[in-house]
Amino acid sequence: MPAELDFSAPAHVLAPLLIGVTLLVDGVGGRIVETEAYDGTDPASHSFRGRTPRNAAMFGPAARAYVYRSYGVHWCLNLVCGQMGDGAAVLIRALAPTHGLEQMHARRSVQDERLLCAGPGRLTQALAIDGSFDHLPLLEPPFELLAPPGGAPAPALVTGPRIGITRAVDVPWRFGEAGSRYVSRPFPGDAAAGAALRRR
DNA sequence: AGACGGATTGCCT
DNA sequence: GGCAATCCGTCTA
């Protein structure tokens, strides 16, 4: 895993560092282009009201997965971080597909590569992540985290308010790779991404 | 014990 | 743009 990736860091510190890191499950996945931070002090977080069976992974050791069912339909993947009891985690919202495109297409019936992993529920489907992944260590198979190629410049970042929440709506804890065509939704003010969208 | 609603997506009009 | 699908923690009684 990338040496600079410190899962003991707070969620809002780790979340931007994850942009550009490659996330694989059984060799299938891509480059993380969109994340969101949550922690126990945050009214928008599942952990805000304390530990429950559903969110228990958020209160356990860092560098494990927190996988929950969204709207009774989709699975969403979080990377637990911070100190024990923080209730901190980073939601992975989108990947730029790079590994195992064929398998991802087989799991998701979309032709457009851009839609393979553009959204928290979509990427878990593409990587075949479900509830059985809850609590799994991130630094062991089937997970794999790969640093960007050595010497590669850090990706330019964009930030904004988080998606789909009703509380703490102004906290800018959504992070993305500037100009990426693979984010779940455009970032306000990301001119490069807007231009890329209009271009095609 | 029962109602409510969500860190979403995809299909319908 | 609207809305169904469908699970479960949380809130109210």
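Okay, here's what the table says:
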read-out: Residue count, the range A:82-133 (criterion: in a loop (DSSP other than H, G, I, E, B), open to solvent by less than 30 Å² (accessible area, probe 1.4 Å) and charged (D, E, K, R)); value: 1
read-out: Selection status of A:G179, modelled with pLDDT under 90 and open to solvent by less than 50 Å² (accessible area, probe 1.4 Å); value: no
read-out: When residues of the range A:163-176 are limited to those that are at pLDDT 90 or above and more than 24 Å from A:E113 (Cα to Cα), the one nearest to DNA strand B (Cβ to nearest atom); value: A:I165
read-out: Hits in the range A:89-108 (condition: farther than 16 Å from A:R31 by Cα, away from DNA strand C (no atom under 16 Å from the Cβ) and small (G, A, S)); value: A:A106
read-out: First in the range A:20-32 and within 10 Å of A:T98 (Cβ to Cβ) and among the charged types (D, E, K, R), second anywhere and in a strand (DSSP E or B) and open to solvent by less than 10 Å² (accessible area, probe 1.4 Å), Cβ under 6 Å, 6 or more apart; value: A:R31/A:A96
read-out: Output for the range A:39-59, where each listed residue is out of contact with any His (no Cβ under 7 Å at 6 or more places or on another chain) and either among the hydroxyl-bearing types (S, T, Y) or more than 10 Å from DNA strand C (Cβ to nearest atom) (or both); value: A:D39, A:G40, A:T41, A:D42, A:P43, A:A44, A:S45, A:S47, A:T52, A:F59
read-out: Qualifying residue in the range A:158-180 (condition: farther than 23 Å from A:Y68 by Cα, among the charged types (D, E, K, R), without any contact (Cβ under 8 Å) to a residue 12 or more places away in the chain and out of contact with any Gly (no Cβ under 7 Å at 6 or more places or on another chain)); value: yes
read-out: A:L115 vs. criteria under 18 Å from the mean Cα position of the chain (by Cα), within 16 Å of DNA strand C (Cβ to nearest atom) and free of Cβ contacts under 8 Å to residues at least 60 places away in the same chain; value: yes
read-out: Single match in A:G150, A:G121, A:G131 (criterion: small (G, A, S) and away from DNA strand C (no atom under 16 Å from the Cβ)); value: A:G150
read-out: All positions within the range A:46-69 that are open to solvent by 20 Å² or more (accessible area, probe 1.4 Å) and polar (S, T, N, Q); value: A:T52
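So that you can scan it fast, the table gives a plain yes or no per residue for (1) part of a strand (DSSP E or B); (2) modelled with pLDDT under 95; (3) within 15 Å of DNA strand B (Cβ to nearest atom):
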{"position": "A:P2", "(1), (2), (3)": "no, yes, no"}
{"position": "A:A9", "(1), (2), (3)": "no, no, no"}
{"position": "A:L14", "(1), (2), (3)": "no, no, yes"}
{"position": "A:E36", "(1), (2), (3)": "yes, no, yes"}
{"position": "A:F48", "(1), (2), (3)": "no, yes, yes"}
{"position": "A:P53", "(1), (2), (3)": "no, yes, yes"}
{"position": "A:V80", "(1), (2), (3)": "yes, no, yes"}
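Yes/no matrix, rows are residues, columns are (1) over 27 Å from A:D42 (Cα atoms); (2) away from DNA strand B (no atom under 11 Å from the Cβ); (3) without any contact (Cβ under 8 Å) to a residue 24 or more places away in the chain:
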residue	(1), (2), (3)
A:V67	no, no, no
A:C76	no, no, no
A:G85	no, yes, no
A:A88	no, no, no
A:L101	yes, yes, yes
A:M104	yes, yes, no
A:R107	yes, no, yes
A:L146	yes, yes, no
A:P153	yes, yes, yes
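The values are calculated or read from the model by the stated rules, or taken from the named source; none is laboratory data. Everything numeric in this text was worked out from a predicted model, so none of it was measured. When we count neighbours, we look across all protein chains shown, and the Cβ atoms used for this are built from the backbone with ideal geometry, even at glycine. We work out accessible area using only protein heavy atoms, side chains counted, and drop any ligands, DNA or RNA first. Shrake-Rupley method; radii C 1.70, N 1.55, O 1.52, S 1.80 Å.
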